[in-house]
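What follows is a single structure, written as structure tokens, with notes after it.
Laboratory data are not the source of any read-out in this text; all were calculated from the coordinates shown. Model, not experiment: these values are computed from the prediction. Please note: Cβ atoms are built from the backbone with ideal geometry, for glycine as well, and neighbour counts cover all protein chains shown.
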Amino acid sequence: MNIDELKKKLESFNPGLYSHCISTMKEAEKLAFHYGVDEEKAKIAGLLHDCGKRMTKGQDNLTHSKTGAELAEEVFDVHDKEILNAIMYHTTGRENMTMLEKIIFIADKIEPRRKYDGVEELRKKAYTDIDAAVIMSLENTIEYVKKRNLKLDNDSLKTLKFLKEVK
């Protein structure tokens, strides 16, 4: 399936998130170009990163990424493991993330429609040191979750620890 077909299918599959997904796709493409990563893979992963949200509505915000990777394969006919992993880990990250995984993780957080304290600094950091940007984003998320007494995801903590150790 080419990117235009994927866009049409995604728009009908989940119209409420379509604009965010398009914006994330464009940001992912720019980051991929900047870091010398396959831009087509970045576009596909960026476009489909939230395709699982419709199926997981009302569940925790972490479930949609794993469901999204499954849907990308089963519904959108994507079989590239790099793309599927980038979708699967775009919310929590993981140890030894690939550059494509880091790009999708950050593109989702900094796409132009995002408005929150610190996003401008994160946008700049994403283009100078993507590892530092992932660390900053994870630290912000962990702080947000703790302040609201929400359940903290262990994968996010492992990712943060790993990145800080290798940095």
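Going by how many other beta carbons lie within 10 Å of each one, how would you line up 25, 136, 97, fewest first? Could the numbers behind the result be given before it?
Working: 25 25, 136 18, 97 21.
Listed from fewest to most nearby Cβ atoms, that is 136, 97, 25.
Considering only DSSP states other than H, G, I, E and B, which GluC sites (Glu not before Pro) in the range 72-167 qualify as loop sites with at most 16 other Cβ atoms within 10 Å?
95
Select from 145, 78, 134 the residue whose mean-square fluctuation is largest in a Gaussian network model of the chain (Cα-Cα springs shorter than 10 Å).
Fluctuation is largest for 145.
Taking square-rooted eigenvalues a ≥ b ≥ c of the alpha carbon gyration tensor, is the range 75-117 rounded, prolate or oblate, where a/c under 1.5 means rounded and, failing that, a/b exceeding b/c means prolate?
Because a/c hits 1.5 or more and a/b fails to exceed b/c, the range 75-117 counts as oblate.
Hey, what number do you get for the chain at 222 nm if only DSSP H runs of n ≥ 4 count, each worth -39500 (n - 2.57), divided across all residues, to the nearest 500? Provide the component values of the computation, followed by the final result.
Numbers: 9 runs with 110 residues, N = 167.
Value at 222 nm, helices only: -20500 deg cm²/dmol.
Among 52, 118, 68, which one moves the most in a GNM of the chain with springs linking Cα atoms closer than 10 Å?
118
For the chain, report the convex hull volume of the alpha-carbon atoms normalised per residue, in Å³, without decimals.
Value for the chain: 106 Å³ per residue.
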